[in-house]
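A.B. asks: Sharing a structure below in structure tokens format, with a few things to ask.
Readers should treat all values here as calculations from the given coordinates under stated rules, not as data from a laboratory. From a predicted model like this one, the values you see are computed outputs, not experimental measurements. Using ideal geometry, Cβ is built from the backbone for each residue, glycine included, and neighbour counts are taken over all protein chains shown.
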Amino acid sequence: MTHAPIPGYRYDDPHLPESPVTAGDLEGLTAATLFSDTDVAALKLAGEVLADQTEQILDVWYGFVGSHPHLLAYFSTPEGVPVDAYLAGVRRRFGQWITDTCTRPYDARWLAQQEEIALRHTSAKKNATDGVRSVPHVPLRYLIAFIYPITATMRPFLAAKGHAEEEVEAMHQAWFKAVTLQVALWARPYAGAAW
Ligand code: HEM
């Protein structure tokens, strides 16, 4: 099946800058999150389970952001007016991110994409992709705190296709690790030398 390109999505763009994170750094983080080949397999299954549920998942996450003014503020003008085109543009890339998290190999290209997503939450690149006027960065504390809702809300979607409880649990644990691992990577531009 072919899909229309997603505006601003650069995963396969050969000009995407390399990440300063090394394969050794990544190894340290996969070990720290207990991420193993079992998780790779569970995520692959999760990718199949979630494939046709992306819009419903995004509805839940956007509902969460939209109902909290202090979070919606990051998709709004500095005066506090939500920017619909911004919410919609990011939504498409967010949907693709769910698939990428489940199906892409965690290699140098994946690291480059992680660095790009990280920078897009900071003043280095936020707002530029969608050409919007919004606040300059998303605070790191909210990225970290979001690991919980982005993980907890996923369980019913992972369970929706009738898999055995152990399989659902394995997919959920793998998802939790993958999100934690990515947010650890996204902390890099915020933390500088302390990373
Ligand atoms: C676990 C935590 C989070 C995950 C997994 C996540 C995921 C993503 C993804 C996949 C994108 C699209 C990146 C791209 O352009 O390809 C994105 C962009 C964005 N996220 Fe997050 N995010 C998280 C936390 C947050 C929080 C807490 C906020 C604030 C409410 C936030 C606000 C934004 C904004 C404003 C953008 C657009 C950035 C831009 O201008 O390019 N994110 N996020």
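A.B. asks: If you average 1/r across every pair of different Cα atoms in the stretch 23-194 and take the reciprocal, what Kirkwood value do you get, in Å?
C.D. replies: 16.8 Å
A.B. asks: Hey, another quick one. In what sequence do 86, 142, 9 fall when counting other Cβ within 10 Å, fewest first?
C.D. replies: 142, 9, 86
A.B. asks: Separate question: Can you put 154, 171 in order, fewest other beta carbons within 10 Å first?
C.D. replies: 154, 171
A.B. asks: Provide the FRET efficiency to the nearest 0.05 for the residue 164-residue 79 pair, computing r from the beta carbons and using R0 = 35 Å.
C.D. replies: 0.10
A.B. asks: Select from the stretch 30-114 those GluC sites (Glu not before Pro) which occupy a DSSP coil region and have at most 13 other Cβ atoms within 10 Å, ordered by residue number.
C.D. replies: 79
A.B. asks: With label points built 7 Å along Cα→Cβ from the Cα atoms of residue 51 and residue 128, find their separation and express it in nm.
C.D. replies: Label at residue 51, label at residue 128, 3.5 nm between them.
A.B. asks: Give me the extension gain from residue 12 to residue 59: residue separation times 0.36 nm, minus the current Cα-Cα distance, reported in nm with one decimal.
C.D. replies: Roughly 14.3 nm would be gained on extension.
A.B. asks: Say each of residue 144 and residue 70 gets a label point 7 Å from the Cα, pointing the same way as Cα to Cβ; how far apart are those two points in nm?
C.D. replies: Each label point is offset 7 Å from its Cα along the Cβ direction, giving 1.5 nm.
A.B. asks: Which whole-percent values make up P(r) of the stretch 130-195 when all C-alpha to C-alpha distances are grouped in 5 Å steps starting at zero?
C.D. replies: Going from the shortest bin to the longest, the percentages are 3, 15, 20, 16, 15, 12, 9, 6, 3, 0.
A.B. asks: Before rounding to the nearest 500, sum -39500 (n - 2.57) across all DSSP H runs of length at least 4 in the chain and divide by the residue total; then give [θ] at 222 nm in deg cm²/dmol.
C.D. replies: Taking each H run of at least 4 residues, the total per residue is -18000 deg cm²/dmol.
A.B. asks: When the chain is treated as a GNM, springs tying every alpha-carbon pair under 10 Å, which of 115, 18, 165 comes out with the largest mean-square fluctuation?
C.D. replies: Result: 165 has the largest fluctuation of those listed.
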